[in-house]
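A short worksheet on the structure shown next.
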Amino acid sequence: MQLRYSYRAYPDVSQRRALARAFGCARVVWNDCLRARKEAHTAGLPYVKSAELSRLYITQAKRTAERAWLADVSAVLLQQSLRDLDTAYKNFFDGIKGQRQGRKVGPPRYKSKKDTRQSIRLTTNAFSFRGDGTVYVAKVGNLKVKWSRRLPAAPTSLTVVKDSSGRYFLSFVVDTEPDILPERDRDTGIDLGLSHFAVLSDGRKVDSPRFLRRAEKKLRRMQKALSRTARGSNNRAKARIKVARQHAKVADRRRDWHHKASTRIIRENQAMFVEDLAVSGLGRTRLAKSVHDAGWSAFVNMLQCKAVKHGRTFAKVGRAFPSSQVCSACGFRDGPKPLHVREWTCGTCGTVHDRDHNAACNVLFEGRRIVAAGRAETLNAAPSAGRTRTNVPAQRVEAGSPRKGRTTQAGIPGL
């Protein structure tokens, strides 16, 4: 399986200038190739192949006066930008044909130099590790890196990212074997909510940290200061960086908390079952800010990825399943209830239910039924059961930290 490990990088002034040049060149190649394919489609011509685009907009473009500066950066990142465009088109076409799981994606769009997030992707022949702990990037130099932990194996690719707050990160993709945890004799159903972030079927309730709500007062003050500055001024650029850094702190705290909570659940349970919530729909209601602050989708994705990594069973219960309407004691369906009803009594057996705990128990029962039917995402399922294979792509976010009390695998020499 593939895991992603991200580390903070600290380039100097000349290296930041070289990275800005690399970001711009990769963006120009993307836009030129995308424009060529769109013009061919408008004219009714066949789909332009990648080899032809590489010859016209990379190899020959370097020899022209308008694109001569493309030779100032590594050719690897230019080729990777074209491959990323091919991947974007493939995802778009697969979504139209119904061959891609999840939501359909739109066609590729042009990139702007004003985008707050810039990135380039490199293969192994364009970067290397130095003995002093730095990472050499072709035509950029030796980047100083804060190694928070060792890489478990040699990386297959590197992505250099500059986020909206001006921070630089090196994101490595590593091929590793699954780290199977000792088996547990219990499983759990998880009901996600706003009053409590998660309620487990065993009765435990995980409080919602509400990182955005806690930082809202400071963010409001910073955003007011930003709105008072003149557009295009240096003061506006400084104020924008302050707001972006504060938002980055909120996102980092939420991501760290998600990793810790998901890892704790993975270690304690052999199987996890979660209700598939319509987060995109809830994000358009009056609860939008609280829904986005909770970050349910990121948490569920972490659970799913770590279940594959550690040999656990994971399944999603359909969003149409009436988890809040069915009595977990007798199975009687008591009908829908408004959100302000947090406790209710079953009309058949008379059991008094906590709304969230009852829903978590029903999610557990339905998840067990899905596993018994052979439709769960588990490593020991039959090949015909639609299980998640071990060779899964790396997430955009970094992998979880190694378990305490266990030695990490041998890392890259010299780090």
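Rule-based calculations on the coordinates, nothing more; no lab input. Source: prediction; values computed, not measured. Positions of Cβ are backbone-derived with ideal geometry, glycine not excepted, and every protein chain shown enters the neighbour counts.
Some points to look at:
- Our coupling estimate for region 8-22, obtained by passing each phi through the Karplus curve with A = 6.51, B = -1.76, C = 1.60 and θ = phi - 60°, is 6, 10, 10, x, 7, 5, 5, 6, 5, 5, 5, 5, 4, 5, 5 Hz, Gly and Pro reported as x.
- Between region 205-255 and region 65-84, the alpha-carbon centres lie 35 Å apart.
- Stretching L339 away from A43 to a fully extended chain increases their span by 101.2 nm, per 0.36 nm per residue minus the current alpha-carbon distance.
- The chain, relative contact order in percent, only Cα pairs under 8 angstrom and at least six apart counted: 20 percent
- Stretch in the chain that is longest and holds no GluC sites (Glu not before Pro) that DSSP places in a loop and that have at most 12 other beta carbons within 10 Å: 184-415
- What you get for region 1-90, charging only the Cβ of Lys and Arg (+1) and of Asp and Glu (-1), is a dipole of about 120 debye around the Cα centre.
- Choice from F92, F321, F23 with maximal GNM fluctuation in the chain (Cα, 10 Å cutoff): F92
- Inter-label distance for A230 and T59, nm, one decimal - labels placed 7 Å from Cα along Cα-to-Cβ: 5.1 nm
- Taking a quarter of the surface of the Cα convex hull of region 287-346 gives a mean projected area of 5.9 nm².
- Lysines with Cα under 24 Å of K104, excluding same-chain neighbours fewer than 8 positions away: K38, K49, K90, K316
- Dipole of region 29-178, positive end: most advanced residue of N142, S74, T116 [Cβ charges, Cα centre]: T116
- Fully extending the segment from S195 to R286 would add 31.3 nm, taking 0.36 nm per residue of separation and subtracting the current Cα-Cα distance.
- Stretched out straight at 0.36 nm per residue, the stretch from A248 to T348 would grow longer than its current Cα-Cα span by 31.0 nm.
- On the basis of the beta-carbon distance and an R0 of 22 Å, A51 and F93 show a calculated FRET efficiency of 0.75.
- Most positive-pole-ward Cα, Q223, H259, A271, against dipole of region 174-289 from beta carbon charges: Q223
- Taking the chain as a whole, the Cys residues whose C-beta sits 4.7 Å or farther from every other Cys C-beta are C25, C33, C305, C361.
- Which of A329, L282, G318, positive extreme of dipole for region 266-332 (C-beta unit charges): L282
- Gyration tensor verdict on region 150-287 (Cα atoms; rounded if a/c is under 1.5, prolate if a/b is larger than b/c, oblate otherwise): oblate
- For K238, the lysines whose Cα comes closer than 27 Å to its Cα, not counting residues fewer than 8 places off in the same chain, are K111, K113, K114, K144, K146, K162, K217, K218, K224, K249, K289.
- Computed E for C330/E183 - FRET, C-beta separation, R0 22 angstrom, nearest 0.05: 0.10
- In a simple Cβ point-charge model (Lys, Arg +1; Asp, Glu -1; nothing else charged), the chain has a dipole of about 2160 debye relative to its Cα centre.
- Region 289-337 - charge dipole about Cα centre, Lys and Arg +1 at Cβ, Asp and Glu -1, debye rounded to 20: 160 debye
- Pairwise label distance in nanometres, Y10 with A237, each label 7 Å out on the Cα-Cβ vector: 2.3 nm
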